[in-house]
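Encoded as structure tokens, the structure appears first; notes follow it.
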């Protein structure tokens, strides 16, 4: 097998050759032929799955209401094709009982590989390259931007790649002899953060992971960067990564680390999911738990200006982050609430810090209280991925959102922050002022990995959520809501100044300058690596690095730009 450096060089040459043949993906009938699909199926550990949707009994030609009601409880987590944010499918087979309408796959994949080994993934990618089939990658189905599906695609389902193991004195492959060993955990792609957190808790270790228990620990979360309630103390998820096992688009499996395939390693740490390869394992640094204290802060309107008081609180994020305090508060017109975790911060120091916050809120005419959590409770919360308010605040996966990474300077302008909050509350938006940046996050150089450099200068990841998202059951309503978000609300965040970037995993799909917004100055290098690794655009999603190469038309098909219809 050639080295990654040689492979990149060869791929760049092939890209120039292939570019002369401007072709769309294969969508013609019987392409690939059934015989080819059959050959692929027999080569896999598990037979190829032909996608069927559990909601078919809700529709013609054989509607059955009791079965339809039962199907609505189907878990997207365990189903080979279903995804959490199902509006991206076009809602061509919704869960609502509609006996006069038909059920079609829409943007769901037509076939699924239930991968339990790298060999399964290699076979799928080589098949897709040979037959020009679009590939989708699904782990747990938790993706707000619909990057885990694709019309008539072949989906690689990594949810059944399982395994968690700890190493006390580990060094990366090909590391120099004097490289210091570390305590790490090796996590296979299908493991959710719930399982990893519990295993770490049992082993007496702490892992900087996602707070949502069902999010995959070695999938889109880490490929996008991965924030955590522990980020201010230890850094982002990508800052913990020591090695990654990945199957590249050409079907080559490699271990990427600082000393093996370093360009691939650089791109995988924040360059986005569904782009550079199919991740099969991640090696994370672990930490000793030490002292783990937390507090719950609650504030509700009183006689004072609640909005102005909340603008003041948001401006404290930089100070909290520098002390290693992080958390996931949620804010709306009638309440602010969040649990803040502070690894290594003494109980008295944390209590004093938030006593001052409560005093400041009360001085501003706001009702406020703080509740301390002892180390045992915090350890249990982290060990079970049970962090309060770690989510969208909404019940469904529609989640119409817009976000920005905000600097300390941006949040210091209380008047402008208050304007954002007033407009948000008037429009029925939920505000998520997550304190998951600053502190240790800012101590890593902006060019050390592919993640958006704006993370390094931010102290807050602030997301606005359309509070009406749960009621949107038509694609047109969601599109209209995103237009309002992008046209009316996101510009308010822009006017705060400071960083203009956003976290690619939790943002608006309508960002006009998405390359700059999601990856900033790192985008040109990411694009170069993408073109080298995937000259055939076997992996395509939007908004993802290199997605400019193809155009997604209303018919759901991918075209090269000059072959667009109409």
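The values are calculated or read from the model by the stated rules, or taken from the named source; none is laboratory data. This one's a predicted model, so the numbers in the text were calculated from it and none came from an experiment. Heads up, the Cβs are rebuilt from the backbone with ideal geometry, glycines too, and the neighbour counts pull from every protein chain shown.
I'd like the residue in region 63-76 that is outside any helix (DSSP H, G or I) and at pLDDT 90 or above and, out of all such residues, is surrounded by the fewest Cβ atoms within 10 Å (Cβ to Cβ).
For region 63-76, the residue satisfying everything is 64.
Free of Cβ contacts under 8 Å to residues at least 24 places away in the same chain and more than 25 Å from residue 326 (Cα to Cα), is that true of residue 534?
Judged against the criteria, residue 534 is not a match.
Pick out the one residue from 248, 292, 279, 297 that is in contact with a strand residue (DSSP E or B) (Cβ under 7 Å, 6 or more places away or on another chain), surrounded by fewer than 21 Cβ atoms within 10 Å (Cβ to Cβ) and in contact (Cβ under 8 Å) with a residue 40 or more places away in the chain.
The conditions single out 297.
If I ask for residues that are in contact with a helix residue (DSSP H, G or I) (Cβ under 7 Å, 6 or more places away or on another chain) and surrounded by fewer than 23 Cβ atoms within 10 Å (Cβ to Cβ), which ones from region 253-268 would you list?
Kept after step one, since they are in contact with a helix residue (DSSP H, G or I) (Cβ under 7 Å, 6 or more places away or on another chain), are these residues of region 253-268: 253-254, 256-258, 261, 263-264, 267-268.
Residues satisfying the conditions are 253, 254, 257, 258, 263.
Could you please find all residues in region 81-102 being farther than 21 Å from residue 157 by Cβ, part of a loop (DSSP other than H, G, I, E, B) and in contact with a strand residue (DSSP E or B) (Cβ under 9 Å, 6 or more places away or on another chain)?
The answer is 94, 97.
Within region 353-373, count every residue that is in contact with a strand residue (DSSP E or B) (Cβ under 8 Å, 6 or more places away or on another chain), surrounded by fewer than 16 Cβ atoms within 10 Å (Cβ to Cβ) and assigned to a helix (DSSP H, G or I).
Going through region 353-373 one residue at a time, the tally reaches 1.
In the list 204, 209, 235, which residue meets the criterion of being surrounded by fewer than 24 Cβ atoms within 10 Å (Cβ to Cβ) and either farther than 27 Å from residue 524 by Cα or in the same structural domain as residue 141 (by TED's automatic domain parsing) (or both)?
204
Tally time: how many residues in region 418-448 are more than 21 Å from residue 312 (Cα to Cα) and buried (at least 22 other Cβ atoms within 10 Å of the Cβ)?
Residues flagged as more than 21 Å from residue 312 (Cα to Cα) and buried (at least 22 other Cβ atoms within 10 Å of the Cβ) within region 418-448 amount to 1.
Pick from 532, 502, 521: which is within 22 Å of residue 265 (Cα to Cα) and surrounded by fewer than 16 Cβ atoms within 10 Å (Cβ to Cβ)?
Details: 532 fails: surrounded by fewer than 16 Cβ atoms within 10 Å (Cβ to Cβ); 502 fails: surrounded by fewer than 16 Cβ atoms within 10 Å (Cβ to Cβ).
One residue alone meets the criteria, 521.
Scan region 92-105 for residues that are crowded, with 17+ Cβ neighbours inside 10 Å and in contact (Cβ under 8 Å) with a residue 60 or more places away in the chain and report the count.
So the count comes out to 1.
Could you list, in sequence order, the residues of region 140-171 that are assigned to a loop (DSSP other than H, G, I, E, B), at pLDDT 95 or above and closer than 29 Å to residue 288 by Cβ?
Once the filter is applied, which keeps residues that are assigned to a loop (DSSP other than H, G, I, E, B), at pLDDT 95 or above and closer than 29 Å to residue 288 by Cβ, region 140-171 yields 161, 162, 163, 171.
Quick check, is residue 96 more than 19 Å from residue 142 (Cα to Cα) and modelled with pLDDT under 90?
Spelling it out, residue 96 is indeed more than 19 Å from residue 142 (Cα to Cα) and modelled with pLDDT under 90.
Any chance you could count how many residues in region 37-62 are over 17 Å from residue 103 (Cα atoms) and outside any loop (DSSP other than H, G, I, E, B)?
So the answer is 8.
Restricting attention to region 172-208, report how many residues are more than 30 Å from residue 79 (Cβ to Cβ) and assigned to a strand (DSSP E or B).
4
Looking at region 545-555, can you tell me whether even one residue there is in a loop (DSSP other than H, G, I, E, B), surrounded by 20 or more Cβ atoms within 10 Å (Cβ to Cβ) and under 21 Å from the mean Cα position of the chain (by Cα)?
Yes, region 545-555 contains a residue that is in a loop (DSSP other than H, G, I, E, B), surrounded by 20 or more Cβ atoms within 10 Å (Cβ to Cβ) and under 21 Å from the mean Cα position of the chain (by Cα).
Taking into account only those residues within region 317-332 that are touching a strand residue (DSSP E or B) at 6+ places or on another chain (Cβ under 9 Å) and surrounded by fewer than 20 Cβ atoms within 10 Å (Cβ to Cβ), which is modelled with the highest pLDDT? It would help to see each step written out before you state the result.
As a first pass, look at region 317-332 and keep what is touching a strand residue (DSSP E or B) at 6+ places or on another chain (Cβ under 9 Å): 317-318, 320-321, 323-332.
If we keep only those that are surrounded by fewer than 20 Cβ atoms within 10 Å (Cβ to Cβ) as well, we get 323, 332.
Numbers: 323: 97, 332: 94.
Among them, the one singled out is 323.
For region 58-67, does any single residue satisfy the condition of being within 23 Å of residue 541 (Cα to Cα), free of Cβ contacts under 8 Å to residues at least 60 places away in the same chain and not assigned by TED's automatic domain parsing to the domain that holds residue 473?
Step one: of region 58-67, the residues within 23 Å of residue 541 (Cα to Cα) are none.
No, region 58-67 has no match at all.
Within region 449-480, can you find the residues that are under 30 Å from residue 97 (Cα atoms) and either surrounded by 21 or more Cβ atoms within 10 Å (Cβ to Cβ) or more than 21 Å from the chain's Cα centre (by Cα) (or both)? Spell out the reasoning first.
Of the residues in region 449-480, the ones under 30 Å from residue 97 (Cα atoms) are 465-480.
Correct list: 465, 466, 468, 469, 471, 472, 473, 474, 475, 476, 477, 480.
Among the candidates 115, 36, 60, single out the residue that is closer than 29 Å to residue 248 by Cβ, touching a strand residue (DSSP E or B) at 6+ places or on another chain (Cβ under 9 Å) and either surrounded by fewer than 22 Cβ atoms within 10 Å (Cβ to Cβ) or at pLDDT 95 or above (or both).
From the options 115, 36, 60, the qualifying one is 115.
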